[in-house]
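Read-outs throughout are calculated quantities, based only on the coordinates presented, and are distinct from any laboratory measurement. Values in this document were obtained by computation on a predicted structure and should not be read as measured data. Every residue, glycine as well, gets a Cβ built from its backbone with ideal geometry; the counts of neighbours run over all protein chains shown.
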Amino acid sequence: MARASTKIEDEIRSLPPQAQERLLHVLLAELDGPPDADAEAAWLEEIQRRSRELDEGLVKAVLDQEVFAKLRKRVKAHGG
């Protein structure tokens, strides 16, 4: 099996980048299985809730640069 997978890996590496990307997409979709309708509905509900909170001024948007700067500071403070 290891020999066969090594040959397949070599063949994949010889493919053009677009074909590799398509293959990766197909394999990931296969591993993920069918979409979970409950998860999709839950995410939609969460998105709508967050959007409503922003629209109503209940929460304040934060720039991604600020979030990552705070995270870097925390990681550094904890020896990371």
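A few notes on this one:
- Mean ellipticity per residue at 222 nm, deg cm²/dmol - from DSSP H runs of n ≥ 4 across the chain, formula -39500 (n - 2.57): -25500 deg cm²/dmol
- Remark on region 2-77: hydrodynamic radius 17.3 angstrom, per the Kirkwood mean of 1/r across alpha carbon pairs.
- The HN-Hα couplings worked out from phi for region 46-59 by the Karplus form 6.51 cos²θ - 1.76 cosθ + 1.60 (θ = phi - 60°) are 5, 4, 5, 4, 5, 5, 4, 4, 5, 4, 8, x, 6, 9 Hz, whole numbers, x standing for Gly and Pro.
- Residue among Pro16, Val26, Ala61 farthest towards the positive dipole end of region 2-77, charges placed on Cβ: Ala61
- Coarse-grained scattering of region 39-80 at q = 0.14, 0.17, 0.22, 0.34 Å⁻¹, given as base-10 log I(q)/I(0) from a Debye sum over alpha-carbon atoms: -0.54, -0.67, -0.76, -1.00
- The chain, dipole about Cα centre (Lys/Arg Cβ +1, Asp/Glu Cβ -1), debye to the nearest 20: 740
- Local electrostatic count, Glu66, Cβ distance below 15 Å [Lys/Arg +1, Asp/Glu -1]: +4
- With neighbour counts taken as other beta-carbon atoms within 10 Å, the residues His78, His25 rank, fewest first, as His78, His25.
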